[in-house]
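Right, one structure below, let's go through it.
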Amino acid sequence: MEIKKAAMAGTLESSDAQVTVEPGGEGIELSLQSSVMNQYGRQIKETVLETLERLDVKSGRVTVVDKGALDCTLKARVECAVFRSCDESQANIPWGGAIR
């Protein structure tokens, strides 16, 4: 998938994450802020990059502001932001396909 426009998903509430995606140059440019960076920063980065890879996103700027979200929440927020940026309708979302 190609990130066509800026899009956001999530909130800044406790146990959630706000993910913003924007078109960018070559590769993925990830900016990460987290209230639990020292404990889980590596895992958060890995989860975000893995989700982008599954969605076949090759380039773009991704900003994550994490407030202690679980991995499943991070995946959902990244997926939602990417789908919104591509103008995918509910009918075109590959449920059970690219998403794992």
> Is it the case that Arg42 is surrounded by fewer than 13 Cβ atoms within 10 Å (Cβ to Cβ) and not in a loop (DSSP other than H, G, I, E, B)?
Replying inline: yes
Considering the stretch 59-100, residues that are under 18 Å from Glu46 (Cβ atoms), modelled with pLDDT of 90 or more and assigned to a loop (DSSP other than H, G, I, E, B), and then whichever is farthest from the chain's Cα centre (by Cα), we arrive at Gly68
Quiz item: Hey, any hits in the stretch 29-39 for a residue that's surrounded by fewer than 13 Cβ atoms within 10 Å (Cβ to Cβ), closer than 20 Å to Ser85 by Cβ and over 14 Å from the mean Cα position of the chain (by Cα)?
Solution: no
Flagged in the stretch 1-10 as more than 13 Å from Leu52 (Cβ to Cβ), touching a strand residue (DSSP E or B) at 6+ places or on another chain (Cβ under 6 Å) and either of a type in the set (Ser, Thr, Tyr) or not in a strand (DSSP E or B) (or both), in numbering order, are Ala6, Gly10
Restricting attention to the stretch 2-15, the residues that are under 9 Å from Val65 (Cα atoms) and crowded, with 18+ Cβ neighbours inside 10 Å number exactly 0
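The values are calculated or read from the model by the stated rules, or taken from the named source; none is laboratory data. Only a predicted model underlies this, so the values are computations on that prediction, with no experimental measurement involved. Please note: Cβ atoms are built from the backbone with ideal geometry, for glycine as well, and neighbour counts cover all protein chains shown.
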